[in-house]
1. Could you tell me what percent of the accessible area of the chain is made up of carbon and sulfur, with a 1.4 Å probe and every protein chain present?
2. Taking only the alpha carbons of the range 1-88, what extent do you get along each of the three principal axes, in Å, biggest first?
3. How far, in degrees from 0 to 90, does helix 77-92 lean away from the longest principal axis of the Cα atoms of the chain, to the nearest 10?
4. Which FRET efficiency value, to the nearest 0.05, do you get for K42 and I68 by plugging their Cβ-Cβ distance into 1/(1 + (r/R0)^6) with R0 = 30 Å?
5. Check each of the trypsin sites (Lys or Arg not before Pro) in the range 74-138 and keep only those in coil by DSSP with at most 16 other C-beta atoms within 10 angstrom; list them in order.
6. Counting each DSSP H run of 4 or more residues in the chain as -39500 (n - 2.57), what helix-only mean residue ellipticity at 222 nm follows after dividing by all residues, to the nearest 500 deg cm²/dmol?
7. Cut-off under 16 Å on the C-alpha distance; same-chain residues fewer than 8 positions from K110 excluded. Which aspartates and glutamates are left, in chain and number order?
8. Take the alpha carbon atoms of the range 88-129, find their center, do the same for the range 1-26, and report the distance between the two centers in whole angstrom.
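The values are calculated or read from the model by the stated rules, or taken from the named source; none is laboratory data. Remember, it's a predicted structure, so these values are computed and weren't measured experimentally. Please note: Cβ atoms are built from the backbone with ideal geometry, for glycine as well, and neighbour counts cover all protein chains shown. Keep in mind that these areas ignore ligands, DNA and RNA; they rest on the heavy atoms of the full protein, side chains included. Shrake-Rupley method; radii C 1.70, N 1.55, O 1.52, S 1.80 Å.
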Amino acid sequence: MNRKSARELCMKIIFDMLVNKEYDIKKLDYYLAEGEENHSQKTYIDTVVHSTIQHLEEINQIIKKYAIGWTVDRIAKVDLAILQLALVEIQYIEDIPYNVSINEAVELAKKYSGDESTSFINGILGRFVEEEGIKKNG
């Protein structure tokens, strides 16, 4: 499994947790048990899922701050999962440049969400990186 596939799996796990309102690390075990190919990216997947659960409130506060005119509850669940994933990467995973996280989030939105979601997600993440002065760019 490559990083792009691992990122997509993480988005699905986060989406599952959002929909079921069950933020439990056992979800990770369920998804990882489905295929041995997941193990090559296990550290990344573990880090994303653990960080999402551990820092959920902080991540949602960032989304709330930069999704002007939107509440977290009104954002489509798939878009919210993509935003949470990207923000976890930007905030808590040192070796991923922020521009990669943003570009991959936009690609996930193109695949799993509506046309307007790509600019919505790009706008939130771009404003966050710009206003917070994030320097991690490869």
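1. On the chain, the fraction of accessible area on carbon and sulfur atoms equals 48 percent.
2. Result for the range 1-88: principal-axis Cα extents of 42, 22, 20 Å.
3. So the helix axis and the longest Cα principal axis differ by about 90 degrees.
4. Numbers: r = 37 Å, r/R0 = 1.23.
Step by step, r from the Cβ atoms, then E = 0.20.
5. Details: sites: R74, K77, K110, K111, R127, K135, K136; in loops: K135, K136.
Qualifying residues, ordered by number: K135.
6. -23000 deg cm²/dmol
7. E8, D79
8. Centre-to-centre distance over Cα atoms comes out at 16 Å.
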